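The structure appears right after this line, and notes come after that.
The values are calculated or read from the model by the stated rules, or taken from the named source; none is laboratory data. Values in this document were obtained by computation on a predicted structure and should not be read as measured data. With ideal geometry, Cβ positions are generated from the backbone for all residues, glycine too; neighbour counts draw on all protein chains shown.
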């Protein structure tokens, strides 16, 4: 099932890939904008936002990592799901992309059908959170708005979350005090049923700890349970309002 009207912005310097994905994704109901370099990507996204972004890692003017970082630094685009495409089999490249806030990655060559499945999974996740209108989850010193994905500390600071950050935090908030293993975390945050790379899951948790100022040794809020996984050591309550 496609999602009519959803827009996708693709940047890839390979003309054949651009044309292939433009045709394939348009055929199933998406509005596709395809550009060839980072400058055109920035201009296009600023002119009109997108429901999902696909970033090639290797580009002629700047790499996909810098573009991913740029997207996540702008509040207007911070919650837009990002899929990164890479021709490299190096695990480090994939870890870097996820650390910078990408929601998923796909190695080249790839099947358009597999890419479509991942697109739909990320958009379903985004749609689910939008439907939870008015809900604010309170925990420890934090308030998380389930609609806008805005995270506020009690001192007034707002922390911008990527889609992957939000999905992971939401998973912990749905299961407070429970020990979550790496498979559960990997499947929830990456949106697909595969065996997650242990290092990627650990990096995702580490990044979320940084967002939550959970930098004590050992961490106080998201605890590591050796040999089992991770645990949110906080009570969660449902509130109304904008999270402030």
I'd like to verify a number: residues in the range 19-44 that are surrounded by 14 or more Cβ atoms within 10 Å (Cβ to Cβ) and assigned to a helix (DSSP H, G or I), how many? 11
Does residue 30 qualify as being modelled with pLDDT of 95 or more and either out of contact with any helix residue (DSSP H, G or I) (no Cβ under 9 Å at 6 or more places or on another chain) or farther than 27 Å from residue 145 by Cα (or both)? yes
If residue 16 meets every condition in (1) part of a helix (DSSP H, G or I); (2) out of contact with any strand residue (DSSP E or B) (no Cβ under 6 Å at 6 or more places or on another chain); (3) within 17 Å of residue 104 (Cβ to Cβ) apart from one, which number is that one? (3)
If I filter the range 162-188 down to residues being without any contact (Cβ under 8 Å) to a residue 24 or more places away in the chain and either closer than 19 Å to residue 97 by Cα or in contact with a helix residue (DSSP H, G or I) (Cβ under 6 Å, 6 or more places away or on another chain) (or both), which single residue comes out as surrounded by the fewest Cβ atoms within 10 Å (Cβ to Cβ)? 187
Could you grab me the full set of residues in the range 143-156 that are at pLDDT 90 or above and within 19 Å of the chain's Cα centre (by Cα)? 144, 151, 152
